[in-house]
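Undergrad: Provided herewith is a single structure, encoded as structure tokens, for subsequent inquiry.
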């Protein structure tokens, strides 16, 4: 059973992302289009589970199946779609068995890509709402220290509302923001 833990933002998560994203990009080779830093570790100033999330856009999702050995050589466990059609999901633990990385891979053009990026960008552009999210996560981690499902269920409504606001916000952005692949 994994402990549900959220910790203050760690500026080193950005460097962890940078180094690991290069290794992931190398493992996926020519199929890799871009690697994004997503999740709470990509949002400055908020509490997060100390797990760095990567969103990888690939040219052909079916080729990822053949590239699994390369990801496994980096220490990742392949989880298949893991509940989201069209995704390839990998997770990595450190030597102590503590989860440290999640990799979500989608084919270029997947609606899941934009959903994740818009949420991240909205949270960065709206620090007061990001702080509300941070406080909610802290409260839920205390309430559900050994119940990841309770923790996730507790965040669900807030995330959906923030996602709705993020989608509206993005629709008002003109012109669309250019995103750097290796920066939140």
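Only the coordinates and a few stated rules stand behind these numbers; no lab work does. Because the structure is a prediction, the values reported are computed rather than measured. Positions of Cβ are backbone-derived with ideal geometry, glycine not excepted, and every protein chain shown enters the neighbour counts.
Undergrad: Between segment 97-130 and segment 133-148, how far is it from one alpha carbon centroid to the other, in angstrom?
TA: If we compute the Cα centre of each part, the gap is 19 Å.
Undergrad: Among 13-19, 77-83, how do they line up from the highest to the lowest mean number of other beta-carbon atoms within 10 Å? Display every interim value, and only then the final one.
TA: On the way: 13-19: 16.0, 77-83: 12.4.
In decreasing order of mean packing, 13-19, 77-83 become 13-19, 77-83.
Undergrad: Moving to a separate point now. Give the order of 6, 111, 103 when sorted by the count of other beta carbons within 10 angstrom, beginning with the fewest. All intermediate terms of the calculation are to be shown ahead of the outcome.
TA: Numbers: 6 19, 111 8, 103 26.
Final ranking by Cβ density, sparse to dense: 111, 6, 103.
Undergrad: Something else now. Which of the peptides 124-130, 38-44 is most tightly packed, and how do the rest follow, going by the mean number of other Cβ atoms within 10 Å of each residue? Let's see the in-between values first.
TA: On the way: 124-130: 14.3, 38-44: 22.4.
The densest-packed peptide leads the list: 38-44, 124-130.
Undergrad: Which residue fluctuates the most in the chain, going by a Gaussian network model with Cα springs under 10 Å, if the choices are 55, 96, 74?
TA: The residue that fluctuates most here is 96.
Undergrad: Counting only DSSP beta bridges with both residues in the chain, tell me the antiparallel percent, nearest 5.
TA: Working: 16 of 23 bridges.
Bridges in the chain that DSSP calls antiparallel: roughly 70 percent.
Undergrad: So, in nm, how far is label residue 79 from label residue 146 when the simple model puts each one 7 Å beyond its Cα toward the Cβ?
TA: The answer from the label model is 2.1 nm.
Undergrad: Most mobile of 25, 73, 134 per a Gaussian network model of the chain (Cα springs, under 10 Å)?
TA: In this elastic network of the chain, the residue with the biggest mean-square fluctuation among 25, 73, 134 is 73.
Undergrad: For segment 1-63, what size does the Cα cloud have along each of its three principal axes, sorted from largest down, in whole Å?
TA: Rounded to whole Å, the extents work out to 36, 27, 15 Å.
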